[in-house]
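Asks: Here you go, one structure.
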Amino acid sequence: MSVAQAMILAAGRGERMRPLTDRCPKPLLEVRGKPLIEYHLDALAREGFRDVVVNTAWLGEQIEQRCGAHSASGARIAYSHEGRDFGGALETAGGIARALPLLDEAFWLVAGDVHMPGFAFSRAAFERFRAGDRLAHLFLVPNPEHNPQGDFGLSPEGLALNRADERWTYSTVALLRRALFDGIPAGNPHGEKIKLAPLLRAAMDRGQVGAQLYRGPWTDVGTPQRLAQLNA
């Protein structure tokens, strides 16, 4: 497999989705007959991002059995099995750091449990980011009912802001650079659990994180009710 330019986060337990996730990992829950994770695999492949890393923990063997080494869209999938290697998920930054040996200098990131069928993982956006010097570029969305205060601000110059009066919700989609994780031992060999938000906030305070607003359809499929609404 070539070095990957995309990573899909698929290691979470999905506590709020129980009992649906007691026997099925959340990224395999279906929206209109198609697993959530396959929407991302297809969208990435359409833009030529065919080498993808998927991290797993809870019921991770089901994800590998369903998706295999190749998706129906032609994506080539490598797995980072946090559950097998460390007994559980490593939080977002810990999981990314564990998978870094499989990833390119710059790469797309998206959570396997969000549904955004109109989003394009643009090759042009990727190349602009790779040619620049920022550590991250976040895609923000209007605040949903379950996150009314939002997460990050957005400056007129297109910088993500750690502190702002008006804040938007982080969609889980981002372009990241390996250098964002320089403070973590290569490959996270000890399986440290590390959150992503503190790394992003520190980089924001240094002016190293860009952002833009995405207004297309987006759902954090975090409860059975939200999944039912998508399938209604």
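Asks: Given ALA203, ALA186, ALA211, which one is closer than 18 Å to PHE107 by Cβ and either of a type in the set (Val, Ile, Thr) or in a loop (DSSP other than H, G, I, E, B) (or both)?
Replies: ALA186
Asks: Next up: Those residues that are of a type in the set (A, V, I, L, M) and at pLDDT 95 or above, I need them from segment 185-223; list them, please.
Replies: Those that are of a type in the set (A, V, I, L, M) and at pLDDT 95 or above: ILE194, LEU196, ALA197, LEU199, LEU200, ALA202, ALA203, MET204, VAL209, ALA211, LEU213.
Asks: Look through segment 46-69, keep the residues that are outside any helix (DSSP H, G or I), among the β-branched types (Val, Ile, Thr) and closer than 21 Å to GLY88 by Cβ, and return whichever of them is farthest from the chain's Cα centre (by Cα).
Replies: Checking each candidate, the answer is THR56.
Asks: Something else now. Given the options LEU44, LEU36, name the one that is touching a residue at least 60 places away in the same chain (Cβ under 8 Å), buried (at least 21 other Cβ atoms within 10 Å of the Cβ) and farther than 14 Å from TRP108 by Cβ.
Replies: None of the others qualify; the one that does is LEU36.
Asks: Select from segment 91-143 the residues that are assigned to a helix (DSSP H, G or I), within 22 Å of TRP58 (Cα to Cα) and among the charged types (D, E, K, R) and list them in ascending order.
Replies: GLU91, ARG98, listed by residue number.
Asks: Is it true that some residue in segment 8-29 is in contact with a His (Cβ under 8 Å, 6 or more places away or on another chain) and under 15 Å from LEU109 (Cβ atoms)?
Replies: Checking segment 8-29: at least one residue is in contact with a His (Cβ under 8 Å, 6 or more places away or on another chain) and under 15 Å from LEU109 (Cβ atoms).
Asks: Select from segment 113-123 the residues that are out of contact with any Asp or Glu (no Cβ under 9 Å at 6 or more places or on another chain) and either over 18 Å from SER171 (Cβ atoms) or modelled with pLDDT of 95 or more (or both) and list them in ascending order.
Replies: MET116, PHE119
Asks: If we scan segment 30-42, do we find a residue that is assigned to a loop (DSSP other than H, G, I, E, B) and either among the aliphatic types (A, V, I, L, M) or at pLDDT 90 or above (or both)?
Replies: yes
Asks: I've got another one for you. Name the single residue that is surrounded by the most Cβ atoms within 10 Å (Cβ to Cβ) among those in segment 110-139 being under 14 Å from LEU176 (Cα atoms) and among the acidic types (Asp, Glu).
Replies: Residue satisfying both the conditions and the ranking: GLU127.
Asks: Another one. Among ARG206, ARG215, ARG163, which is the only one that is touching a Pro at 6+ places or on another chain (Cβ under 7 Å), loosely packed, with under 15 Cβ neighbours inside 10 Å and not hydroxyl-bearing (Ser, Thr, Tyr)?
Replies: That would be ARG215, the only listed residue that is touching a Pro at 6+ places or on another chain (Cβ under 7 Å), loosely packed, with under 15 Cβ neighbours inside 10 Å and not hydroxyl-bearing (Ser, Thr, Tyr).
Asks: Can you go through LEU227, LEU180 and tell me which one is outside any loop (DSSP other than H, G, I, E, B) and over 21 Å from ALA6 (Cα atoms)?
Replies: That would be LEU227, the only listed residue that is outside any loop (DSSP other than H, G, I, E, B) and over 21 Å from ALA6 (Cα atoms).
Asks: Still on this structure, please answer the following. Does PHE129 qualify as being within 21 Å of ILE37 (Cα to Cα), modelled with pLDDT of 95 or more and of a type in the set (A, V, I, L, M, F, W, C)?
Replies: Judged against the criteria, PHE129 is not a match.
Asks: Of the residues that make up segment 151-170, is at least one small (Gly, Ala, Ser) and under 19 Å from LEU9 (Cα atoms)?
Replies: no
The values are calculated or read from the model by the stated rules, or taken from the named source; none is laboratory data. Owing to the predicted nature of the structure, the values given are computational and were not obtained by experimental measurement. Counting neighbours? That spans all protein chains shown, and the Cβs are built from the backbone with ideal geometry, glycine included.
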